[in-house]
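K.L.:
Could you have a look at this structure, given as C-alpha coordinates, before my questions?
The values are calculated or read from the model by the stated rules, or taken from the named source; none is laboratory data. Owing to the predicted nature of the structure, the values given are computational and were not obtained by experimental measurement. FYI the Cβ positions are ideal-geometry reconstructions off the backbone, even for glycines, and counts take in every protein chain you see. The protein model used for the area step is the full one, side chains on, heavy atoms only, and it has no ligands, DNA or RNA in it. Shrake-Rupley method; radii C 1.70, N 1.55, O 1.52, S 1.80 Å.
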Amino acid sequence: MTTTTPFTSLRDWLRHLAATDRLTTLKPGVALKHELAAIAKRLDGRQAALFPEPDGHAIPVVSGFMSKRAWIAEAMGVPEPQLLQRFSAAADHPLPWRELAYGEAPVQQLVHHFSDGQADIRTLLPIPTHSEHDDGAYITAGLVIARNPKTGVQNVSINRIQIHDRDRMGILMLPRHLHNFFGAAEAQGQALEIAIVIGVDPLTALASQAIAPIDCDELEIAGALQGRPLPVVKCISNEVRVPADAEIVIEGRILPGLREPEGPFGEFPKYYSAREDREVIVIDVMTQRRAPIFHTIIPAEMEHLLLGAIPREATLLSHLKRSFPGVTDVHLSVGGVARYHLHVQMVKRREGEPKNVILGAFGGHYDIKQVIVVDEDVNVHDPAEVEWAVATRFQADRDLVVISGAQGSALDPSTTTQFPGNKPPLEMQGLSAKMGLDATKPLSSAGHVFTRVRIPGASELDLDSVIAASGHAALIGTTLSETDH
Ligand code: MN
(Lines give C-alpha, C1' and ligand atoms only; values in the text may rest on other atoms or scores of the structure.)
Protein backbone atom coordinates (compact mmCIF):
# COMPACT_ATOMS: atom_id res chain seq x y z
CA MET A 1 0.00 0.00 0.00
CA THR A 2 1.35 3.40 -0.96
CA THR A 3 0.41 7.00 -0.38
CA THR A 4 -2.75 8.13 -2.17
CA THR A 5 -4.70 11.39 -2.41
CA PRO A 6 -6.46 12.22 0.86
CA PHE A 7 -10.26 12.38 0.92
CA THR A 8 -11.40 15.99 1.24
CA SER A 9 -15.17 15.52 1.23
CA LEU A 10 -17.59 13.64 3.47
CA ARG A 11 -19.74 12.67 0.51
CA ASP A 12 -16.78 11.26 -1.47
CA TRP A 13 -15.73 9.28 1.60
CA LEU A 14 -19.24 7.86 2.13
CA ARG A 15 -19.46 6.96 -1.58
CA HIS A 16 -16.08 5.22 -1.26
CA LEU A 17 -17.26 3.24 1.79
CA ALA A 18 -20.48 2.28 -0.01
CA ALA A 19 -18.54 1.13 -3.09
CA THR A 20 -16.38 -1.13 -0.91
CA ASP A 21 -19.25 -2.64 1.10
CA ARG A 22 -18.48 -0.64 4.25
CA LEU A 23 -21.67 1.47 4.39
CA THR A 24 -25.01 -0.10 5.29
CA THR A 25 -28.29 1.66 4.57
CA LEU A 26 -30.91 0.88 7.18
CA LYS A 27 -34.67 0.68 6.69
CA PRO A 28 -36.34 4.12 6.66
CA GLY A 29 -38.08 5.30 9.82
CA VAL A 30 -35.77 4.03 12.56
CA ALA A 31 -36.59 5.72 15.89
CA LEU A 32 -34.26 8.56 16.98
CA LYS A 33 -34.63 7.53 20.62
CA HIS A 34 -32.29 4.62 21.39
CA GLU A 35 -33.07 2.51 18.29
CA LEU A 36 -30.79 4.45 15.93
CA ALA A 37 -27.89 4.37 18.41
CA ALA A 38 -28.50 0.68 19.15
CA ILE A 39 -28.17 -0.21 15.47
CA ALA A 40 -25.17 2.05 14.92
CA LYS A 41 -23.46 0.58 18.00
CA ARG A 42 -23.86 -2.95 16.66
CA LEU A 43 -22.35 -1.89 13.30
CA ASP A 44 -19.60 0.31 14.79
CA GLY A 45 -16.13 -0.92 13.82
CA ARG A 46 -17.57 -3.01 10.97
CA GLN A 47 -19.69 -0.78 8.76
CA ALA A 48 -20.81 2.82 8.64
CA ALA A 49 -24.58 3.21 9.04
CA LEU A 50 -26.86 5.47 7.01
CA PHE A 51 -30.37 6.02 8.37
CA PRO A 52 -32.87 7.45 5.88
CA GLU A 53 -35.92 9.27 7.30
CA PRO A 54 -35.23 8.61 11.00
CA ASP A 55 -38.58 9.12 12.79
CA GLY A 56 -39.82 10.25 9.35
CA HIS A 57 -37.42 13.23 9.29
CA ALA A 58 -36.31 14.33 5.81
CA ILE A 59 -32.65 14.58 6.86
CA PRO A 60 -30.77 11.24 7.02
CA VAL A 61 -28.36 10.41 9.87
CA VAL A 62 -24.95 8.81 9.36
CA SER A 63 -22.69 7.22 11.98
CA GLY A 64 -19.53 5.14 12.26
CA PHE A 65 -17.67 6.23 9.12
CA MET A 66 -14.39 6.59 11.09
CA SER A 67 -14.73 3.49 13.27
CA LYS A 68 -11.53 1.68 12.22
CA ARG A 69 -7.90 2.79 12.43
CA ALA A 70 -7.24 1.43 8.93
CA TRP A 71 -10.13 3.49 7.49
CA ILE A 72 -8.74 6.69 8.97
CA ALA A 73 -5.31 5.94 7.45
CA GLU A 74 -7.07 5.30 4.15
CA ALA A 75 -8.91 8.64 4.33
CA MET A 76 -5.53 10.29 4.98
CA GLY A 77 -4.02 8.43 2.02
CA VAL A 78 -1.22 6.73 3.98
CA PRO A 79 -0.44 3.16 5.06
CA GLU A 80 -1.59 2.51 8.64
CA PRO A 81 1.92 2.47 10.18
CA GLN A 82 2.38 6.08 8.95
CA LEU A 83 -0.86 7.34 10.49
CA LEU A 84 0.65 9.10 13.53
CA GLN A 85 3.61 10.47 11.59
CA ARG A 86 1.29 11.96 8.96
CA PHE A 87 -0.95 13.56 11.58
CA SER A 88 2.06 15.01 13.43
CA ALA A 89 3.44 16.46 10.20
CA ALA A 90 0.10 18.21 9.57
CA ALA A 91 -0.09 19.47 13.17
CA ASP A 92 3.49 20.82 12.86
CA HIS A 93 2.84 22.49 9.50
CA PRO A 94 -0.71 23.86 9.49
CA LEU A 95 -2.05 25.29 6.23
CA PRO A 96 -4.04 28.57 6.43
CA TRP A 97 -7.59 28.31 5.15
CA ARG A 98 -9.06 29.97 2.06
CA GLU A 99 -12.17 32.10 2.55
CA LEU A 100 -15.06 31.84 0.10
CA ALA A 101 -17.50 34.66 -0.63
CA TYR A 102 -21.13 34.51 0.45
CA GLY A 103 -23.15 32.43 -1.96
CA GLU A 104 -20.27 30.06 -2.73
CA ALA A 105 -20.49 27.80 0.29
CA PRO A 106 -22.68 24.68 0.05
CA VAL A 107 -23.29 24.83 3.82
CA GLN A 108 -25.12 28.16 3.40
CA GLN A 109 -27.54 27.06 0.68
CA LEU A 110 -30.44 27.37 3.14
CA VAL A 111 -30.63 29.78 6.10
CA HIS A 112 -32.97 29.59 9.10
CA HIS A 113 -33.22 32.66 11.38
CA PHE A 114 -34.12 32.05 15.01
CA SER A 115 -34.68 35.68 16.01
CA ASP A 116 -38.31 35.68 14.81
CA GLY A 117 -39.23 33.03 17.39
CA GLN A 118 -40.32 30.51 14.74
CA ALA A 119 -37.35 28.24 13.92
CA ASP A 120 -37.05 25.20 16.21
CA ILE A 121 -33.83 23.17 16.40
CA ARG A 122 -35.83 20.18 17.72
CA THR A 123 -37.71 19.84 14.45
CA LEU A 124 -35.12 21.23 12.02
CA LEU A 125 -32.66 18.41 12.78
CA PRO A 126 -32.98 14.66 13.47
CA ILE A 127 -31.11 14.61 16.79
CA PRO A 128 -30.84 11.18 18.45
CA THR A 129 -31.11 10.23 22.11
CA HIS A 130 -28.30 7.74 22.63
CA SER A 131 -27.86 5.96 25.98
CA GLU A 132 -30.34 4.61 28.52
CA HIS A 133 -30.01 7.37 31.15
CA ASP A 134 -29.22 10.31 28.84
CA ASP A 135 -31.42 13.27 29.73
CA GLY A 136 -32.54 13.65 26.12
CA ALA A 137 -31.33 14.37 22.60
CA TYR A 138 -27.67 15.29 22.16
CA ILE A 139 -25.52 16.59 19.32
CA THR A 140 -22.41 14.39 19.66
CA ALA A 141 -20.56 15.17 16.44
CA GLY A 142 -20.67 18.97 16.46
CA LEU A 143 -17.38 20.77 15.87
CA VAL A 144 -17.57 23.85 18.08
CA ILE A 145 -15.61 26.75 16.59
CA ALA A 146 -14.92 29.97 18.47
CA ARG A 147 -12.44 32.86 18.25
CA ASN A 148 -10.01 33.73 21.04
CA PRO A 149 -11.42 37.04 22.38
CA LYS A 150 -7.82 38.25 22.91
CA THR A 151 -6.21 37.25 19.58
CA GLY A 152 -9.05 36.40 17.20
CA VAL A 153 -7.47 33.03 16.39
CA GLN A 154 -10.00 30.22 16.12
CA ASN A 155 -10.28 27.00 18.10
CA VAL A 156 -12.10 23.82 17.12
CA SER A 157 -13.29 21.16 19.56
CA ILE A 158 -16.04 18.58 19.82
CA ASN A 159 -18.28 19.14 22.86
CA ARG A 160 -21.42 17.31 23.83
CA ILE A 161 -24.44 19.54 23.32
CA GLN A 162 -27.84 18.90 24.85
CA ILE A 163 -31.00 20.24 23.27
CA HIS A 164 -32.87 22.24 25.94
CA ASP A 165 -35.47 24.14 23.95
CA ARG A 166 -36.40 25.64 20.58
CA ASP A 167 -33.29 27.84 20.49
CA ARG A 168 -31.33 26.84 23.61
CA MET A 169 -28.77 24.14 24.22
CA GLY A 170 -26.46 23.08 27.04
CA ILE A 171 -22.74 22.44 26.54
CA LEU A 172 -19.99 20.67 28.47
CA MET A 173 -16.64 22.48 28.23
CA LEU A 174 -13.67 20.69 29.80
CA PRO A 175 -10.83 22.98 30.99
CA ARG A 176 -9.30 23.46 27.53
CA HIS A 177 -9.18 26.15 24.87
CA LEU A 178 -12.91 26.80 24.31
CA HIS A 179 -13.40 27.00 28.08
CA ASN A 180 -10.52 29.48 28.25
CA PHE A 181 -12.07 31.65 25.48
CA PHE A 182 -15.45 31.63 27.20
CA GLY A 183 -13.83 32.55 30.53
CA ALA A 184 -12.17 35.58 28.91
CA ALA A 185 -15.44 36.67 27.25
CA GLU A 186 -17.50 36.13 30.38
CA ALA A 187 -15.03 38.14 32.49
CA GLN A 188 -15.89 41.09 30.22
CA GLY A 189 -19.61 40.36 30.57
CA GLN A 190 -19.67 39.25 26.94
CA ALA A 191 -21.18 36.20 25.23
CA LEU A 192 -18.82 34.00 23.21
CA GLU A 193 -19.83 33.69 19.55
CA ILE A 194 -19.63 30.13 18.30
CA ALA A 195 -20.51 27.91 15.37
CA ILE A 196 -21.42 24.23 15.70
CA VAL A 197 -20.52 22.37 12.53
CA ILE A 198 -22.20 19.02 11.85
CA GLY A 199 -21.25 16.71 8.99
CA VAL A 200 -17.61 17.21 8.04
CA ASP A 201 -15.10 14.99 6.24
CA PRO A 202 -13.08 12.52 8.36
CA LEU A 203 -9.87 14.58 8.24
CA THR A 204 -11.50 17.79 9.48
CA ALA A 205 -13.15 15.81 12.29
CA LEU A 206 -9.80 14.26 13.19
CA ALA A 207 -8.00 17.63 13.08
CA SER A 208 -10.52 19.07 15.55
CA GLN A 209 -9.08 16.69 18.17
CA ALA A 210 -5.44 17.79 17.76
CA ILE A 211 -3.67 18.60 21.03
CA ALA A 212 -2.38 21.89 19.67
CA PRO A 213 -1.28 25.17 21.30
CA ILE A 214 -4.10 27.54 22.20
CA ASP A 215 -3.58 29.84 19.23
CA CYS A 216 -3.53 27.10 16.63
CA ASP A 217 -6.69 27.00 14.49
CA GLU A 218 -7.37 23.29 14.05
CA LEU A 219 -8.99 24.05 10.67
CA GLU A 220 -5.44 24.77 9.46
CA ILE A 221 -4.41 21.28 10.54
CA ALA A 222 -7.41 19.97 8.57
CA GLY A 223 -6.07 21.83 5.52
CA ALA A 224 -2.62 20.34 5.99
CA LEU A 225 -4.13 16.83 6.28
CA GLN A 226 -6.20 17.39 3.16
CA GLY A 227 -3.21 18.83 1.28
CA ARG A 228 -5.05 22.02 0.32
CA PRO A 229 -6.20 25.17 2.13
CA LEU A 230 -9.56 24.30 3.67
CA PRO A 231 -12.37 26.33 2.07
CA VAL A 232 -14.20 28.27 4.78
CA VAL A 233 -16.96 30.85 4.90
CA LYS A 234 -17.89 33.49 7.47
CA CYS A 235 -21.00 32.78 9.50
CA ILE A 236 -24.16 34.77 8.67
CA SER A 237 -24.58 36.16 12.21
CA ASN A 238 -21.02 36.28 13.59
CA GLU A 239 -17.31 36.39 12.74
CA VAL A 240 -16.57 32.66 13.04
CA ARG A 241 -15.27 30.92 9.90
CA VAL A 242 -16.66 27.45 9.22
CA PRO A 243 -15.82 24.67 6.72
CA ALA A 244 -17.73 25.66 3.57
CA ASP A 245 -18.37 22.06 2.53
CA ALA A 246 -19.96 20.99 5.82
CA GLU A 247 -23.54 19.75 5.94
CA ILE A 248 -25.05 21.88 8.72
CA VAL A 249 -23.91 24.89 10.83
CA ILE A 250 -25.63 26.18 13.97
CA GLU A 251 -24.57 29.76 14.77
CA GLY A 252 -25.02 31.01 18.32
CA ARG A 253 -23.56 32.43 21.51
CA ILE A 254 -22.53 30.96 24.86
CA LEU A 255 -24.23 33.32 27.29
CA PRO A 256 -22.30 34.97 30.17
CA GLY A 257 -23.41 34.60 33.77
CA LEU A 258 -25.87 31.81 33.06
CA ARG A 259 -25.80 28.10 33.96
CA GLU A 260 -28.60 25.57 33.54
CA PRO A 261 -28.78 21.85 34.37
CA GLU A 262 -27.23 19.59 31.73
CA GLY A 263 -26.97 15.78 31.70
CA PRO A 264 -26.76 13.04 32.68
CA PHE A 265 -25.03 11.82 29.55
CA GLY A 266 -23.20 8.55 28.81
CA GLU A 267 -19.58 9.54 28.09
CA PHE A 268 -16.42 7.98 26.59
CA PRO A 269 -15.35 6.16 29.81
CA LYS A 270 -18.64 4.19 29.43
CA TYR A 271 -20.16 5.90 32.48
CA TYR A 272 -22.61 8.74 32.84
CA SER A 273 -21.49 12.20 33.72
CA ALA A 274 -23.78 13.78 36.27
CA ARG A 275 -26.47 16.37 35.81
CA GLU A 276 -24.92 19.71 36.78
CA ASP A 277 -25.32 23.38 36.04
CA ARG A 278 -23.43 24.10 32.84
CA GLU A 279 -23.11 26.81 30.21
CA VAL A 280 -25.96 27.65 27.85
CA ILE A 281 -25.96 28.36 24.11
CA VAL A 282 -28.60 30.49 22.42
CA ILE A 283 -29.06 29.82 18.70
CA ASP A 284 -29.17 32.76 16.26
CA VAL A 285 -29.09 31.08 12.85
CA MET A 286 -28.86 27.65 11.29
CA THR A 287 -27.49 27.14 7.79
CA GLN A 288 -27.47 23.92 5.79
CA ARG A 289 -27.06 22.30 2.44
CA ARG A 290 -30.30 21.83 0.50
CA ALA A 291 -30.32 18.11 1.38
CA PRO A 292 -27.89 17.71 4.26
CA ILE A 293 -26.70 14.64 6.17
CA PHE A 294 -26.64 14.69 10.00
CA HIS A 295 -23.69 12.95 11.67
CA THR A 296 -23.99 11.38 15.11
CA ILE A 297 -21.15 9.73 17.03
CA ILE A 298 -22.17 6.84 19.28
CA PRO A 299 -20.64 7.62 22.69
CA ALA A 300 -17.80 5.33 23.86
CA GLU A 301 -17.80 3.28 20.65
CA MET A 302 -14.86 3.01 18.25
CA GLU A 303 -15.58 6.12 16.16
CA HIS A 304 -15.64 8.18 19.36
CA LEU A 305 -12.57 6.49 20.85
CA LEU A 306 -10.42 6.65 17.70
CA LEU A 307 -11.22 10.29 16.98
CA GLY A 308 -9.71 11.15 20.33
CA ALA A 309 -6.95 8.55 20.31
CA ILE A 310 -5.18 9.16 17.02
CA PRO A 311 -4.47 12.90 17.42
CA ARG A 312 -3.44 12.33 21.05
CA GLU A 313 -1.12 9.49 20.10
CA ALA A 314 0.43 11.62 17.37
CA THR A 315 0.96 14.52 19.77
CA LEU A 316 2.28 12.31 22.57
CA LEU A 317 4.66 10.55 20.17
CA SER A 318 6.23 13.77 18.92
CA HIS A 319 6.23 15.24 22.44
CA LEU A 320 8.11 12.21 23.80
CA LYS A 321 10.50 12.04 20.85
CA ARG A 322 11.66 15.59 21.52
CA SER A 323 13.12 14.55 24.88
CA PHE A 324 13.64 10.83 24.27
CA PRO A 325 14.87 10.01 20.75
CA GLY A 326 14.68 6.29 21.61
CA VAL A 327 10.86 6.37 21.69
CA THR A 328 9.54 4.62 18.57
CA ASP A 329 5.76 4.17 18.94
CA VAL A 330 2.80 4.85 21.26
CA HIS A 331 -0.71 3.47 21.62
CA LEU A 332 -3.72 4.51 23.69
CA SER A 333 -5.41 1.20 24.47
CA VAL A 334 -9.10 0.61 23.79
CA GLY A 335 -9.50 -0.89 27.28
CA GLY A 336 -8.13 2.37 28.67
CA VAL A 337 -11.00 4.14 26.84
CA ALA A 338 -8.42 5.37 24.31
CA ARG A 339 -7.53 8.20 26.70
CA TYR A 340 -6.20 6.95 30.03
CA HIS A 341 -3.75 4.10 29.32
CA LEU A 342 -0.69 4.75 27.18
CA HIS A 343 1.70 2.11 25.86
CA VAL A 344 5.13 3.41 24.86
CA GLN A 345 7.66 1.48 22.79
CA MET A 346 11.30 2.53 23.02
CA VAL A 347 14.91 1.58 22.41
CA LYS A 348 16.33 1.93 25.92
CA ARG A 349 19.90 3.26 26.11
CA ARG A 350 20.34 3.72 29.88
CA GLU A 351 18.74 2.09 32.90
CA GLY A 352 16.17 4.43 34.42
CA GLU A 353 15.34 6.07 31.10
CA PRO A 354 11.85 4.45 30.93
CA LYS A 355 10.95 6.18 34.20
CA ASN A 356 11.84 9.54 32.65
CA VAL A 357 9.63 8.58 29.69
CA ILE A 358 6.79 7.78 32.11
CA LEU A 359 7.11 11.22 33.71
CA GLY A 360 7.29 12.84 30.27
CA ALA A 361 4.11 11.05 29.18
CA PHE A 362 2.19 12.28 32.25
CA GLY A 363 3.24 15.79 31.26
CA GLY A 364 2.07 15.22 27.70
CA HIS A 365 -1.64 15.11 28.52
CA TYR A 366 -3.46 15.29 31.83
CA ASP A 367 -5.83 12.47 30.83
CA ILE A 368 -2.97 9.93 30.91
CA LYS A 369 -3.40 7.84 34.04
CA GLN A 370 -1.26 4.77 33.34
CA VAL A 371 1.89 4.42 31.23
CA ILE A 372 3.51 1.11 30.32
CA VAL A 373 6.94 1.34 28.68
CA VAL A 374 8.11 -1.65 26.65
CA ASP A 375 11.11 -2.53 24.49
CA GLU A 376 11.26 -2.28 20.72
CA ASP A 377 10.42 -5.98 20.24
CA VAL A 378 6.97 -5.53 21.85
CA ASN A 379 4.05 -4.41 19.66
CA VAL A 380 2.32 -1.61 21.58
CA HIS A 381 -0.87 -2.01 19.49
CA ASP A 382 -1.34 -5.57 20.78
CA PRO A 383 -2.65 -5.67 24.39
CA ALA A 384 -1.59 -9.32 24.81
CA GLU A 385 2.03 -8.45 23.90
CA VAL A 386 2.07 -5.54 26.34
CA GLU A 387 0.65 -7.71 29.12
CA TRP A 388 3.31 -10.32 28.34
CA ALA A 389 6.00 -7.67 28.78
CA VAL A 390 4.51 -6.66 32.15
CA ALA A 391 4.29 -10.32 33.16
CA THR A 392 7.93 -11.07 32.34
CA ARG A 393 9.93 -7.82 32.49
CA PHE A 394 8.35 -5.90 35.38
CA GLN A 395 8.82 -6.06 39.15
CA ALA A 396 6.41 -3.88 41.08
CA ASP A 397 8.81 -2.94 43.91
CA ARG A 398 11.48 -1.64 41.51
CA ASP A 399 9.72 -0.75 38.27
CA LEU A 400 6.54 0.98 39.43
CA VAL A 401 6.09 4.76 39.58
CA VAL A 402 3.10 6.16 41.51
CA ILE A 403 2.27 9.85 41.75
CA SER A 404 -0.56 10.99 44.00
CA GLY A 405 -2.92 13.90 43.62
CA ALA A 406 -2.16 14.97 40.06
CA GLN A 407 -4.63 16.40 37.55
CA GLY A 408 -6.52 13.69 35.69
CA SER A 409 -9.74 13.27 33.78
CA ALA A 410 -12.84 14.69 35.46
CA LEU A 411 -14.87 12.04 33.59
CA ASP A 412 -13.05 9.18 35.39
CA PRO A 413 -15.54 8.11 38.11
CA SER A 414 -12.77 6.73 40.36
CA THR A 415 -11.55 10.32 40.90
CA THR A 416 -14.75 11.08 42.85
CA THR A 417 -14.65 8.32 45.48
CA GLN A 418 -12.90 10.30 48.24
CA PHE A 419 -15.55 13.02 48.18
CA PRO A 420 -18.92 12.93 49.99
CA GLY A 421 -21.71 12.00 47.60
CA ASN A 422 -19.06 11.50 44.88
CA LYS A 423 -19.20 15.25 44.33
CA PRO A 424 -15.76 16.90 44.37
CA PRO A 425 -15.80 20.70 44.43
CA LEU A 426 -15.06 22.20 41.00
CA GLU A 427 -11.38 22.86 41.75
CA MET A 428 -10.89 19.25 42.91
CA GLN A 429 -12.56 17.58 39.92
CA GLY A 430 -10.40 15.01 38.18
CA LEU A 431 -7.82 14.83 40.99
CA SER A 432 -6.11 11.54 40.17
CA ALA A 433 -3.16 9.26 40.93
CA LYS A 434 -0.82 8.29 38.10
CA MET A 435 0.82 4.91 37.62
CA GLY A 436 3.81 4.09 35.44
CA LEU A 437 5.19 0.62 34.70
CA ASP A 438 8.69 0.12 33.37
CA ALA A 439 8.24 -3.21 31.56
CA THR A 440 11.55 -3.06 29.72
CA LYS A 441 14.15 -5.76 30.21
CA PRO A 442 17.56 -4.85 31.70
CA LEU A 443 20.21 -3.69 29.24
CA SER A 444 22.40 -6.62 30.22
CA SER A 445 21.49 -10.02 31.62
CA ALA A 446 22.97 -13.51 31.85
CA GLY A 447 22.74 -16.04 29.05
CA HIS A 448 19.32 -16.77 27.61
CA VAL A 449 17.32 -15.21 30.48
CA PHE A 450 15.71 -12.52 28.30
CA THR A 451 16.07 -14.21 24.91
CA ARG A 452 12.62 -14.37 23.41
CA VAL A 453 11.64 -17.77 22.09
CA ARG A 454 11.61 -17.75 18.33
CA ILE A 455 11.18 -20.54 15.80
CA PRO A 456 13.48 -19.90 12.85
CA GLY A 457 11.46 -19.14 9.71
CA ALA A 458 8.04 -18.83 11.45
CA SER A 459 7.48 -15.14 10.78
CA GLU A 460 8.94 -15.11 7.26
CA LEU A 461 7.05 -18.22 6.12
CA ASP A 462 4.66 -18.04 3.17
CA LEU A 463 2.03 -20.48 4.45
CA ASP A 464 0.23 -20.82 1.12
CA SER A 465 3.41 -22.19 -0.46
CA VAL A 466 3.63 -25.10 1.99
CA ILE A 467 -0.05 -26.06 2.37
CA ALA A 468 -1.06 -29.07 0.24
CA ALA A 469 -3.46 -28.25 -2.59
CA SER A 470 -7.12 -29.30 -2.21
CA GLY A 471 -6.57 -32.27 -4.57
CA HIS A 472 -4.46 -33.81 -1.80
CA ALA A 473 -7.35 -33.98 0.69
CA ALA A 474 -7.28 -37.77 0.25
CA LEU A 475 -3.90 -37.72 2.01
CA ILE A 476 -5.66 -36.85 5.28
CA GLY A 477 -7.74 -40.00 5.08
CA THR A 478 -4.70 -42.16 4.30
CA THR A 479 -2.61 -40.57 7.09
CA LEU A 480 -5.30 -40.84 9.76
CA SER A 481 -6.36 -44.40 8.92
CA GLU A 482 -2.75 -45.61 9.08
CA THR A 483 -2.25 -44.17 12.58
CA ASP A 484 -5.32 -46.13 13.78
CA HIS A 485 -3.45 -49.48 13.70
MN1 MN B 1 -7.21 24.01 20.43
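K.L.:
Starting at the first residue of region 442-458, write each ³J(HN,Hα) from the Karplus equation 6.51 cos²θ - 1.76 cosθ + 1.60 with θ = phi - 60°, in whole Hz, x for Gly and Pro.
P.N.:
x, 5, 10, 7, 7, x, 9, 3, 10, 7, 6, 5, 9, 9, x, x, 4
K.L.:
What shape does region 83-295 take by its C-alpha gyration tensor, where a ≥ b ≥ c are the square roots of the eigenvalues and a/c under 1.5 counts as rounded, a/b above b/c as prolate, and the rest as oblate?
P.N.:
Rounded, since a/c falls under 1.5.
K.L.:
Using only the Cα atoms of region 291-436, build the gyration tensor, take square roots of its eigenvalues as a ≥ b ≥ c, and label the shape rounded, prolate or oblate: rounded if a/c is under 1.5, else prolate if a/b is larger than b/c, else oblate.
P.N.:
In terms of gyration-tensor shape, oblate.
K.L.:
Identify, among Leu316, Gly363, His381, the residue whose Cα sits farthest towards the positive end of the charge dipole of the chain, taking +1 on the Cβ of Lys and Arg and -1 on the Cβ of Asp and Glu, with the dipole about the Cα centre.
P.N.:
Of the listed residues, the answer is Gly363.
K.L.:
Ignoring ligands, DNA and RNA, what percent of the 1.4 Å accessible area of region 170-241 is carbon and sulfur?
P.N.:
Answer for region 170-241 is 49 percent, counting heavy atoms of protein chains only.
K.L.:
Roughly how many percent of the accessible protein surface of region 324-439 is carbon and sulfur, given a 1.4 Å probe and a whole-percent answer?
P.N.:
Accessible surface attributable to carbon and sulfur in region 324-439 totals 56 percent.
K.L.:
Next question, about the same structure. Could you tally up the Lys pairs in the chain with alpha carbons closer than 18 Å? Skip any pair fewer than 8 positions apart unless they're on separate chains.
P.N.:
Close lysine pairs under the 18 Å cut-off: 12.
K.L.:
For Val282 and Thr479, compute 0.36 nm times the residue count separating them, minus their Cα-Cα distance, and round to one decimal in nm. Numbers along the way, then the final one.
P.N.:
Numbers: separation 197, 0.36 × 197 = 70.92 nm, distance 7.72 nm.
Value of the extension gain: 63.2 nm.
K.L.:
Using a 1.4 Å probe on the protein heavy atoms, what percent of the accessible area of region 248-315 belongs to carbon and sulfur?
P.N.:
Taking all protein chains in place, region 248-315 shows 53 percent carbon and sulfur surface.
K.L.:
Solvent-accessible area per residue for the chain at a 1.4 Å probe radius, Å²?
P.N.:
For the chain, the per-residue accessible area is 45 Å².
K.L.:
Can you give me the C-alpha center-to-center distance between region 278-356 and region 125-140, rounded to a whole angstrom?
P.N.:
Between the Cα centres of region 278-356 and region 125-140 lies a distance of 24 Å.
K.L.:
Under unit Cβ charges (Lys, Arg +1; Asp, Glu -1), what dipole magnitude, rounded to 20 debye, does the chain have relative to its Cα centre?
P.N.:
Once rounded to the nearest 20, the dipole reads 560 debye.
K.L.:
Could you list the chymotrypsin sites (Phe, Trp or Tyr not before Pro) in region 94-190 that lie in coil according to DSSP, counting only those with at most 14 other Cβ atoms within 10 Å of their Cβ?
P.N.:
Tyr102
K.L.:
How large is Rg/Rh for region 173-218, to two decimals, with Cα atoms and a Kirkwood Rh?
P.N.:
The Rg/Rh ratio comes out at 1.02.
K.L.:
Regarding the chain, what are the three Cα extents along the principal axes, ordered largest first, in Å?
P.N.:
Answer, in whole Å and largest first: 88, 59, 44 Å.
K.L.:
Give, in nm to one decimal, the length gained when the segment between Arg15 and Leu258 is fully stretched (0.36 nm per residue of separation minus the Cα-Cα distance).
P.N.:
Computed gain between Arg15 and Leu258 is 83.2 nm.
K.L.:
Right, here's the next one. Between exposed trypsin sites (Lys or Arg not before Pro) in the chain, where DSSP calls loop and at most 16 other Cβ atoms lie within 10 Å, what's the longest gap?
P.N.:
My reading of the result: 47-149 is the longest stretch.
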